[in-house]
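Here, each number is a calculation from the coordinates, and none is a lab measurement. All figures in this text were calculated on a predicted structure; none of them were measured in a lab. Note that we place each Cβ from the backbone using ideal geometry, even for glycine, and neighbour counts take in every protein chain shown.
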Amino acid sequence: QNDSAKQADVTVTAAVYDSNGNKVSDDTQSSASLGASGNREVSLSATVSNPKLWSVDSPNLYTVKTEIKQNDMVIDSEETTFGFRYYSFDSKGFHLNGKNVKLNGVCLHHDQGALGSAAYTDAMYRQLKNMKDMGVNAIRTSHNPADKDFIRICDELGLLVIEEAFDGWLDAKNTNYNDFSKYFNTKLSGTSTSLIGADSSMTWA
C-alpha cells in the first residue's frame, strides 16, 4: 500500500530460511508501480528443495523474509514463520504427511486461572508445554480464536490446533439468547457489508 501522495516504484523480494538461519531458496522478486494512495497485491514463488516436514514429533519450521525496496533501500520488511506439511481425512481417520495420526487432544479455554484472560506468553508456553509433555498433540481453542503467540507456540512445540470461533451456532447456549446464535443466520446490512469480501447476500455465519 502506497500511503504517499505520489507514485511509488518498488521491488518486493522474498527468500526462505531454515530454523538455523540458512537460506534454503533463491531470492524471488517482483516489481510494482503504485499510484498515490494506491495498493496492489504481488505474488512471489520460491522453491525449497527437500524441505523437512512439520509434524507433531518433528515441528520443523521455516521463515520467509520479505522486503519492500524503493530506490534500493528497504522501506518495509516482514518475517513469516511456517512449516511444510500435508494432511488428509478419510475413512481411516486423520493423516499427517501420509501417516495416520490419532488426535490426542484437549479443550483449552483462553484464561490462565488466577492470571485471568490476558494472553501472557510465558503462561501460555508453560501450559502448552505441560500439555505436550503429558502426550497431547492437538488443542481445541474453546471457544475463541487464539492469540497469535498461542498459535506460534503450538507451531514450535508440535501441536495441531482446531481454532474455534465460537460454540453457539444455531441454538442459544444455556438459554443465553443474546449469544452468537442470535446473529448466525442474520443477513449483513449497513456498515457490516464493508467487511472484507462481504456483501448483503451473506450472513454473519
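Some points to look at:
- Set S201, S194, S189, S142: member being surrounded by 13 or more Cβ atoms within 10 Å (Cβ to Cβ), without any contact (Cβ under 8 Å) to a residue 40 or more places away in the chain, small (G, A, S) and out of contact with any helix residue (DSSP H, G or I) (no Cβ under 7 Å at 6 or more places or on another chain): S142
- Residue that is farthest from the chain's Cα centre (by Cα) [pool: residues in the range 104-116 that are over 19 Å from K148 (Cβ atoms) and assigned to a helix (DSSP H, G or I)]: A114
Okay, residues lined up against (1) surrounded by fewer than 10 Cβ atoms within 10 Å (Cβ to Cβ); (2) aromatic (F, W, Y); (3) in a loop (DSSP other than H, G, I, E, B):
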| residue | (1), (2), (3) |
| --- | --- |
| V48 | no, no, yes |
| V56 | no, no, yes |
| K69 | no, no, no |
| V74 | no, no, no |
| S77 | no, no, no |
| F89 | yes, yes, no |
| H95 | no, no, no |
| K102 | yes, no, yes |
| A118 | no, no, yes |
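- Residues of the range 145-173 that turn out to be basic (K, R) and in contact (Cβ under 8 Å) with a residue 12 or more places away in the chain, as a count: 1
- Test: residue in the range 18-27 that is buried (at least 16 other Cβ atoms within 10 Å of the Cβ) and either small (G, A, S) or in a strand (DSSP E or B) (or both): yes
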